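Take a look at the structure set out below.
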Amino acid sequence: MDTKEILKKVRKIEIKTRRLSDHIFSGEYHTSFKGRGMTFSEVRQYQYGDDVRAIDWNVTARYNEPYIKVFEEERELTMMLLVDCSGSESFGTQNQLKSEVITEIAATLAFSSTQNNDKVGLILFSDEIELFIPPKKGKSHVLRIIRELIEFQPKSKKTDIAQALKFLSSVMKKKAIVFLISDFMSKDYEHTLKIASKKHDVTGIRVFDKREESLPNIGLVNMLDSETGNTMLVNTSSKSVRRNYEEHYHNNVKYFSYVFSKCGAGTISSRVDESYVTKLLGYFKARN
């Protein structure tokens with residue numbers, strides 16, 4: 001894509017996802033993810049129903065009527081988006097590729113974060129760290145993240161989720177809200193997820209296509225592995241081939257659910273032809 005085409009696409013995603021974050025997610029996001037604590041804001045006159053433990057006795061004595069201390073949440077947080085840009089994300093049999101849905105989800109979350117004056121950063125990964133954008137505030141920063149999600153060309157097509165989590169733990173010393181967005185066609189990330197989840201508030205968002213769940217019976221088919229580049233002839237008429245494929249797929253899904261639950265991390269699964277808006281909103285409300 002040339003620059004004009006990229007900017008047009010960025011603008012289109014901005015209009016759609018910013019509207020969602022403004023009108024739907026910003027409030028839910030705010031209540032779902034808490035700040036670091038409470039900080040003193042002001043004193044005001046006592047009103048019926050106020051907690052008597054909040055009475056400021058010094059001010060009360062000075063004015064000879066009760067005043068209470070008012071505290072507000074210390075809000076500023078940091079969101080990190082860990083986005084899988086491996087070859088398997090370029091698959092889609094519905095109206096969108098997995099990578100396009102992932103971009104929209106990441107953009108919606110980024111705008112929700114910036115609406116609450118939080119910082120947001122990006123880690124694009126394959127089986128290596130492809131790109132790291134440190135957390136910052138502001139609309140222009142979010143637009144840069146969206147542009148990278150659209151146009152970035154990874155060096156590798158393979159996946160290593162453990163590598164991404166290891167890098168996260170090395171660069172983020174303070175607690176962050178972490179959204180790991182992938183199809184999770186990978187294993188062996190339990191140890192690094194456990195370490196990351198102890199420090200950060202981690203949520204895994206699994207994006208998948210319904211055609212990945214099972215092989216149709218359509219005879220001999222040349223199939224390309226988008227991560228290795230290898231092509232093989234597959235006999236989809238064979239029941240054992242279809243069964244083995246389904247077992248492999250569902251084992252990855254079970255591993256994803258089991259490991260995230262064991263590590264105390266949240267999960268969302270959204271098929272490309274489903275509404276990710278409904279899934280995100282339901283998740284935020286459940287957290288509340």
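Which count do you get for residues in region 135-149 that are without any contact (Cβ under 8 Å) to a residue 24 or more places away in the chain and exposed (fewer than 15 other Cβ atoms within 10 Å of the Cβ)?
Just the residues of region 135-149 that are without any contact (Cβ under 8 Å) to a residue 24 or more places away in the chain, to begin with: 136-137, 140, 144.
From what is left, the residues that are exposed (fewer than 15 other Cβ atoms within 10 Å of the Cβ) are 140.
Number of matching residues: 1.
Just give me the residues in region 178-199 being open to solvent by less than 10 Å² (accessible area, probe 1.4 Å) and closer than 15 Å to residue 263 by Cα, in sequence order.
Across region 178-199, the qualifying residues are 178, 179, 180, 189, 193, 196.
Per-residue answers, yes or no, for (1) on the phi > 0 side of the Ramachandran plot; (2) open to solvent by 80 Å² or more (accessible area, probe 1.4 Å); (3) at pLDDT 80 or above:
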site	(1), (2), (3)
2	no, yes, no
17	no, no, no
28	no, no, no
32	no, no, no
36	no, yes, no
40	no, yes, no
47	no, yes, yes
51	no, no, yes
60	no, no, yes
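Of a type outside the set (Ser, Thr, Tyr) and either part of a loop (DSSP other than H, G, I, E, B) or modelled with pLDDT under 95 (or both), is that true of residue 157?
Details: of a type outside the set (Ser, Thr, Tyr): yes; either part of a loop (DSSP other than H, G, I, E, B) or modelled with pLDDT under 95 (or both): yes.
Against the criterion (of a type outside the set (Ser, Thr, Tyr) and either part of a loop (DSSP other than H, G, I, E, B) or modelled with pLDDT under 95 (or both)), residue 157 qualifies.
Looking only at strands (runs of 3 or more DSSP E) that fall completely inside region 202-288, which ones have 1 or more residues that are open to solvent by 70 Å² or more (accessible area, probe 1.4 Å), among the charged types (D, E, K, R) and more than 25 Å from residue 79 (Cα to Cα)?
On the way: elements: 220-224, 231-235, 266-271.
Per the criteria, no element qualifies.
When residue 280 is evaluated against the numbered criteria (1) under 28 Å from residue 127 (Cα atoms); (2) without any contact (Cβ under 8 Å) to a residue 60 or more places away in the chain; (3) out of contact with any Lys or Arg (no Cβ under 9 Å at 6 or more places or on another chain), which criterion, by number, is the only one it fails?
Unmet condition: (2).
The values are calculated or read from the model by the stated rules, or taken from the named source; none is laboratory data. Model, not experiment: these values are computed from the prediction. Note: ideal-geometry Cβ built from the backbone for every residue, glycine included; neighbour counts use all protein chains shown. Ligands, DNA and RNA are stripped out before the accessible areas are found, and what is left, the full protein with its side chains, is counted by its heavy atoms. Shrake-Rupley method; radii C 1.70, N 1.55, O 1.52, S 1.80 Å.
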